[in-house]
Each structure stands twice: as structure tokens, then as C-alpha cells.
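A short write-up of the structure that comes next.
The values are calculated or read from the model by the stated rules, or taken from the named source; none is laboratory data. Note that the coordinates shown come from a computational prediction; the quantities given were computed from them, not determined experimentally. So basically every Cβ, Gly included, is an ideal-geometry build from the backbone, and we count neighbours across all protein chains shown. Heads up: the accessible areas ignore ligands, DNA and RNA and are worked out on the full protein's heavy atoms, side chains in. Shrake-Rupley method; radii C 1.70, N 1.55, O 1.52, S 1.80 Å.
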Amino acid sequence: MVSRCASVNSLYVSSLLSALALLAVGCGDDGTPETWTNGDDFGADQGEDPGEDEQDTDAEQGEGQDTTSAGDQGEEEDSTAGPDTSSAGDQGEEESTASGEGMDDGTTKFDTLADVDAGGGNGNCVGGELCGEAEFSYIWIANSQQNTVSKINTRTMVEESRFYTRPDQGGNPSRTSVSVDGRAVAVANRHVGITKIWADHDDCVDANTNGVIDSSTGKDDIRPFAEDECIAWHTEFPGMTVQRPIAWTSGTYNEETCLWEDQKIWTTTGDSGTPGQCGETGVWVHRLNGDTGEVEDTVHLPHSVAPCTFGSATWGLGPYGAAVDNEGNLWFHIFGQGRTIRINYETLEHTVVNGSSYGITVDSEGRPWTDAPARLNLDTLQWESATSPDLPGAGGSGVAQDHQGRIWKSVAGGGVGWVDMETLEAGQVVYLPTTGNHRGIGVDVDGFIWAVPLNGTTAHKIDPDTYEVFTYDGLDSPYTYSDMAGGQLINVACNEPQG
């Protein structure tokens, strides 16, 4: 069982421990994942030509995206039914069609999640408490067309670093996920490949032993991939053509060392498509070692269970968004297929729940949400919709829970709005300086809401109490749709479910 939050202190660890954790993983030409770690000699000829990534074939950039309104999405969610469940060993069989009549007595239900053991912490730890005041806070925003990710200090509103996200300086990144201690981000490239980057120089490795950490110092200082010493590792997935969802698990907190250990990273891939797309061969779910990038577990879900295609077409965008719950289980949905899938952390068994939308998150009670907005009832496995004329749809949006129990999403007209996570009642809409779809929605460790317009240059920070808006301007065609500031993982790790 994955642990949840304790009262934690220092978020820093020595460079020596970091260096020991970065073990190079063996690779081969047999289709198994290949991992590069900082200090390895990795040439720029690995992967695609960088120029190929300039051509965006992704429907999420505007063409072919889901443009249903909140009301339309609610009708789709209300028609959802119960799950299909099978183990990793019997996934090759055709699953039965879910019934629209609700749940029979023998149907799988998810138990109420266990209370979080907050623990007592270690008085010798130095620094702030993770479940209280964090030592630092960053938001990581993917500049998709530039093939980079920006590290922005959420408190100073300064972009401190910018990194390429693949050794060939291509990849078309989008989803970013921040570890529960805030020390690292994992970035998924649509054109395949996962990269881990350290947030703090105390964790970075002096690979060239010159006595300093050579790393980006701002948006205009993008170092060659192999020369930036805050890039920890990169894992390739040979033979795969698409990779979007990514989500850390919290791991286990060690009160003696004041460190989170055994952190994992969930991701999915598909193949048989052009870069960024997939075909009719199903979906692969991978779980990586967060320290080394090694793929430790892989589950293949066949086309009958998890079609990687769009609607009835023979190609698609595949799994789209992902989040973890209090138990470390993965929840993800598939673009255009109207289904959400849960992978059990302990058994790797999967459960299919009918219904999905665009964005996905899991709240502190362990309940998945879509941006409809709709909440999954864990007892009935039916979606409960919150429809309101005050929250008109915006053509697909991220979704996130703040520290006050409100679920935020983008709304039409250039703003964001929220619903109460318990009552499903709509609250206030906050209009922003930029119009259009603020697809990237996140919450940082201090509880501020973030909204990133699609393909613009800005990111907006919203005060959760006053709704005052602060803006950073300096991005390059961002497309961020994930737990980009770490708030989702902290919510599920640091708050005890009350049900």
C-alpha cells in the first residue's frame, strides 16, 4: 500500500544522495524502454529529427477537439454505467458491455479509502512542512511547439529555468506532473519519452565535476539536453508513437530521513500511428521508478478494453489525462471513447467505468472528476453531474481542486469557475485578462489557482480568497493539461478522506 502524507519538514536532499539515486538503466534493441541519466553520453541522433516536431498533428491543438458544453457533457455523464473489472492475466478476453441499469450486488465497488496517517514527523528535519508551508513552489508549463518546459516560481512569478524535454530537442511535450515533495517534475512528450528534471540545485548532479551546477538560468538560456545538469534522466519507449498521461505517486515518507521514498510514475503509451497518434492495438500502462526512470511494471490493455483510437476511427490520440488517488491507483481516460479506466496500484488489475469528458482529476476524498464538471460516485460508479448556466463549457478544460474544497475549470468567455466538491453547486466565475480557452488548470502548494491559455504567452495566478489575478507573460505556445504545480497530488496525499 502506498503511504500518504505525514508532517514533513525539509524538501531538500544532498547532492550525494541524488547522485546515488540516478542509476543508469540498461537498454537494448528489443523494444524495451531505454533510460539515459545525467552524465551518460547521449547523442542528439536519438529519436526523431527535431524539425519533425514542428508539425503538430495533435487534434488537441484545436482541430477535432471535444467542444461540448457543460450541459452536453452532463448528459453524456448521466448515461454512464457500471464497471468491467479483470486482472492483468485475463485482459486478452473481450469484456462484457456495461449495463445502464446501475450496479448489481456482485458488481465491483471501491471501498472508502483508508484514513491518512499523518505521523509525527522528525524534529531534526529542517525546513517547512509539506502538508503545511512548503519550502518552495514551482509550476512547470510545457511550451509544446518549442519542445521545452518552463519552471516558474509561483511566489515571485519569475521563470527561473527552461529545459528541452528530449535529447533530440523534439518531442512535443504537454503533460507535466510534480512530485509530492516538489523536488522534481516528470514531463511526457506526445511523440514519446519521459524526462525527469530536478527543481532545486541541491538535487542536481555535477556531472562534469567542475564544482558548479551547470543549468538553465532563465527563459532565454536553454542548454543542450545532455549539458543541463538538472535534467535527471530520460526514458524512451521504442516502438511507441504516442504518450500523454503522466502522474507521480506520493511514495512512502521516511520520518527518520525526512524524505519521500519509493516514488513511482504512471504513464501510458500507444503504437501503430504517426507521432502523437495511435492505432488499434490497445494501450500500454507503465509504472516507472521515480529515482532511476526504469520501467518496473507494464500492463497491456487490448483494443477491446482500451481502444487507443478516436471514436470509430482507426487512429486516435489515446489515453489523454491521468491522476492518482489516495491509494496510488491510476485513473485515466481515453480521448473520444467515453470511458475511464482505473489501474490498481497493488494488483495492476483494471476497472473500466463508462463515461469521461476532457479534463480529469481526483479529489481529496479519492473521487475522480471530469471538467463537465462531474464527480464519480465510488459506491455506484455512476457520474454525478453539476450543470449550471454559470459554468458554460469552454471546449475542453483541465480541472483541479483547491485547498477550500472547490473544483475549478475553464469557462466560456475567458475565465475560470468552480463548483463545491460536496454539494456540486456552482460558485463564482473569475474572468481573466486573456480570452479563449484557459485549458491548463492547476493549483499550487500554497492554494493559488493557475490558468494557462491555450497557445498563448501567459499564465495567470488567482488568489483563492480575493480572486485577484497575477500574470506571467513570456511563454511560447503553451499547452499544459495536468498536475503542473503539484496541488492534486498534495491534496490526495495530505488530506484524510472523510467518507
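Of everything in the stretch 159-196 that is outside any loop (DSSP other than H, G, I, E, B) and small (Gly, Ala, Ser), the residue that is nearest to Leu475 (Cα to Cα) is Ser161. Evaluation of Glu280 against the conditions (1) part of a loop (DSSP other than H, G, I, E, B); (2) within 25 Å of Ser150 (Cα to Cα); (3) touching a residue at least 12 places away in the same chain (Cβ under 8 Å); (4) not small (Gly, Ala, Ser) shows that the sole unmet condition is (2).
On the stretch given as the stretch 219-252, residues that are at positive phi and out of contact with any Gly (no Cβ under 8 Å at 6 or more places or on another chain) total 0. Among the residues of the stretch 414-422, are any outside any helix (DSSP H, G or I), open to solvent by less than 10 Å² (accessible area, probe 1.4 Å), farther than 27 Å from Ser161 by Cα and out of contact with any Lys or Arg (no Cβ under 8 Å at 6 or more places or on another chain)? Yes: one or more hits.
Of all residues in the stretch 285-320, exactly one satisfies the criterion of being at pLDDT below 95 and either of a type in the set (Phe, Trp, Tyr) or open to solvent by less than 10 Å² (accessible area, probe 1.4 Å) (or both), namely Phe310. Residues of the stretch 344-392 that are within 24 Å of Thr480 (Cβ to Cβ), open to solvent by 10 Å² or more (accessible area, probe 1.4 Å) and not in a loop (DSSP other than H, G, I, E, B): Ile360, Arg375.
Taking the stretch 204-239 only, how many residues are within 19 Å of the chain's Cα centre (by Cα) and assigned to a loop (DSSP other than H, G, I, E, B)? Total meeting the criteria: 1. Filtering the stretch 265-284 for residues that are open to solvent by 10 Å² or more (accessible area, probe 1.4 Å), more than 19 Å from Pro307 (Cβ to Cβ) and charged (D, E, K, R) leaves an empty set. The number of residues in the stretch 154-165 that are open to solvent by 10 Å² or more (accessible area, probe 1.4 Å) and of a type outside the set (A, V, I, L, M, F, W, C) comes to 5.
Look at the stretch 391-402: where a residue is of a type in the set (D, E, K, R) and a partner is open to solvent by less than 10 Å² (accessible area, probe 1.4 Å), sitting 6+ places away or on another chain with Cβ atoms under 9 Å, you get Asp402/Trp408; Asp402/Val443; Asp402/Gly447; Asp402/Ile449; Asp402/Gly487; Asp402/Asn491. Here Ile441 clears all of (1) under 28 Å from Gln263 (Cβ atoms); (2) open to solvent by less than 40 Å² (accessible area, probe 1.4 Å); (3) in a loop (DSSP other than H, G, I, E, B) except the condition numbered (3). Counting only residues that are touching a Lys or Arg at 6+ places or on another chain (Cβ under 6 Å) and surrounded by fewer than 24 Cβ atoms within 10 Å (Cβ to Cβ), the stretch 449-472 holds 1 of them.
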